[in-house]
1. Which percent of the accessible heavy-atom area of the stretch 107-182 goes to carbon and sulfur, probe 1.4 angstrom?
2. If we count every other residue with Cβ under 11 angstrom of Phe249's Cβ, Lys/Arg +1 and Asp/Glu -1, where does the sum land?
3. If you take every residue apart from His211 with its C-beta less than 9 Å away from the C-beta of His211, what net charge results, scoring Lys and Arg +1 and Asp and Glu -1?
4. Taking the inverse of the average 1/r across all pairs of different Cα atoms in the stretch 124-258, what Kirkwood radius in Å do you get?
5. In Å², and per residue, what accessible area does the stretch 145-255 have when probed at 1.4 Å with the other protein chains present?
6. For the stretch 210-258, which whole-number percentage of the solvent-accessible area (1.4 Å probe, protein heavy atoms only) is attributable to carbon and sulfur atoms?
Amino acid sequence: MHEDAIDAIIPVKKQAAIGQDDLFGDLGGDDDEPAFGLDFPIDAGEWPRKQLLAAERDMLGLYVSAHPLDGTEHILSRNRDTTISELLGSGRTEGTVQLSGLITSVDRRMTKQGNPWAIINLADRDGEMEILFFPATYTLVQHALIADTVVSVQGRLNDRDGAVSIFGQEIQVLDVSSAESGGRPPVTLSFSAYKINERTVAELKRILAAHEGESPVRMRVQTPAKTVLYELGFLVDPTSVASDIKGTFGTDAWQGAA
């Protein structure tokens with residue numbers, strides 16, 4: 001099962017079965033909550049790019065088929081004021097800086113007083129740097145300190161015996177799903193679990209199949225207890241499918257492409 005953090009706490013689940021699968025079997029809840037098996041097409045072939053590259057790095061020690069930051073430069077550039085190599089070459093040793101890149105490692109530690117803190121290694125396409133999150137900041141950002149996550153970090157430069165590092169102050173997880181899907185941002189639909197039935201599923205499949213394109217489709221399903229986001233296995237044209245989704249299921253069902 002492939003999982004990603006969505007909106008900080010919402011899991012993205014990619015089904016890994018062949019044939020039919022009960023996408024709503026794990027929604028849980030009381031017996032009076034509806035659950036319907038949806039026979040959306042399941043891709044049991046190529047892994048998602050993020051999972052594939054992580055496996056390459058773990059097994060081979062390097063990336064082979066691609067780099068995790070391929071296609072993300074326009075996102076990284078909007079969320080930094082310099083690259084790592086530019087910073088290291090500038091001779092700067094003080095002040096604040098904003099960098100963006102991939103967390104390649106997370107080293108969680110404890111102070112003598114028993115307070116948690118961490119050192120992460122942040123890498124862009126041209127360099128890498130250590131960023132330290134001390135206890136007061138760590139408690140606020142620990143949820144984002146996950147290896148293979150693309151982030152933007154703001155912090156204060158620190159020079160110790162000629163080694164420059166950053167004392168992290170803020171961190172933001174960046175959505176690079178558009179790059180991971182070949183440059184096409186995913187389309188997101190939203191449904192209440194109570195509105196999901198066999199007729200809804202059949203009509204949704206018909207609409208998605210009629211608007212083939214290059215954008216993957218995700219469906220956010222809401223219950224009183226939680227919200228789950230599923231990848232449906234369709235590739236659609238957002239510009240043409242939007243009107244059919246809104247006209248059939250209401251404007252709230254269409255969350256757009258982002």
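The values are calculated or read from the model by the stated rules, or taken from the named source; none is laboratory data. On a predicted model such as this, the values are computed, not experimentally measured, just so you know. Glycine gets a Cβ as well: all are built from the backbone with ideal geometry, and neighbour counts include every protein chain shown. With ligands, DNA and RNA removed, areas are computed over all heavy atoms of the protein, side chains included. Shrake-Rupley method; radii C 1.70, N 1.55, O 1.52, S 1.80 Å.
1. 45
2. Every neighbour counted, the sum reads -1.
3. -3
4. 17.9
5. 49
6. Of the solvent-accessible surface of the stretch 210-258, carbon and sulfur hold 46 percent.
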